[in-house]
Amino acid sequence: MESPNGKSEGIYIMSIMSTRSMIGVVDNAGQVHAVYCHFDGYPEGVGRTLVEYWNSKTRAMKLIVGGGNMRSLGTSLDECDFFPNDLFQLFDSIDRFLSIMSDSDCEYLYLFADDQWTVLSNVHEVAPLKEVVQP
């Protein structure tokens, strides 16, 4: 089999990498409704889509409750690739939601609270997503 550099090197295996993330929305009781997203979790992927298409509490909650855990985030519910019968998770507080950063393999956490998206990752502290996503 031929590798990308044009040389025959035996078996060439292509793997698809993923940048995993969690997306959460704080409800009126302070609980966080959250879903897992498998692909494109970095700010220029999931982050940009959240800011541009899911930037209100109503829309954000519709994404979480209306869909569930997903392979990839789209600009509408119809464009999201949801795992079948895999519903959202409920965390009793924002602190509990943020603590999953150290307990999971997610690289980014997104949270909609106080009318804005914030992001947390291993790269930076909690920050408003609009400041992290490049225009």
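The values are calculated or read from the model by the stated rules, or taken from the named source; none is laboratory data. Keep in mind that what you see is a predicted model, and the values were worked out from it rather than measured. All Cβ positions, glycine included, derive from the backbone under ideal geometry; neighbour counts span all protein chains shown.
N85 falls short on exactly one of the conditions (1) out of contact with any His (no Cβ under 6 Å at 6 or more places or on another chain); (2) at pLDDT below 95; (3) within 23 Å of A127 (Cα to Cα), and that condition is (3). All conditions in (1) touching a strand residue (DSSP E or B) at 6+ places or on another chain (Cβ under 8 Å); (2) within 14 Å of P43 (Cα to Cα); (3) of a type in the set (A, V, I, L, M) hold for V133, with the sole exception of (1).
Listed here are the residues, each with its yes/no results for (1) in contact with an Asp or Glu (Cβ under 8 Å, 6 or more places away or on another chain); (2) closer than 14 Å to G41 by Cβ.
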{"site": "A60", "(1), (2)": "no, no"}
{"site": "R71", "(1), (2)": "yes, yes"}
{"site": "F88", "(1), (2)": "no, no"}
{"site": "D95", "(1), (2)": "no, no"}
{"site": "I100", "(1), (2)": "no, yes"}
{"site": "S104", "(1), (2)": "no, yes"}
{"site": "D115", "(1), (2)": "no, no"}
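Total residues in segment 55-87 satisfying the condition of being within 17 Å of Y108 (Cα to Cα) and not small (G, A, S): the figure is 5. In segment 71-86, is there at least one residue being charged (D, E, K, R), surrounded by 14 or more Cβ atoms within 10 Å (Cβ to Cβ), under 23 Å from T19 (Cβ atoms) and touching a residue at least 60 places away in the same chain (Cβ under 8 Å)? No, segment 71-86 contains no residue that is charged (D, E, K, R), surrounded by 14 or more Cβ atoms within 10 Å (Cβ to Cβ), under 23 Å from T19 (Cβ atoms) and touching a residue at least 60 places away in the same chain (Cβ under 8 Å). Taken over segment 22-61, the criterion of being touching a His at 6+ places or on another chain (Cβ under 8 Å), crowded, with 17+ Cβ neighbours inside 10 Å and either of a type outside the set (A, V, I, L, M) or over 18 Å from Q89 (Cα atoms) (or both) is satisfied by G24 alone. Within the set D27, D40, the sole residue that is among the acidic types (D, E) and within 11 Å of Y108 (Cα to Cα) turns out to be D40.
Take R96 and decide whether it is surrounded by fewer than 16 Cβ atoms within 10 Å (Cβ to Cβ), closer than 17 Å to M22 by Cβ and under 14 Å from the mean Cα position of the chain (by Cα). Considered against the rule, which asks whether it is surrounded by fewer than 16 Cβ atoms within 10 Å (Cβ to Cβ), closer than 17 Å to M22 by Cβ and under 14 Å from the mean Cα position of the chain (by Cα), R96 comes out as no. Counting only strands (runs of 3 or more DSSP E) that sit wholly inside segment 89-135, not one has at least 2 residues that are of a type in the set (S, T, Y) and touching a Lys or Arg at 6+ places or on another chain (Cβ under 8 Å).
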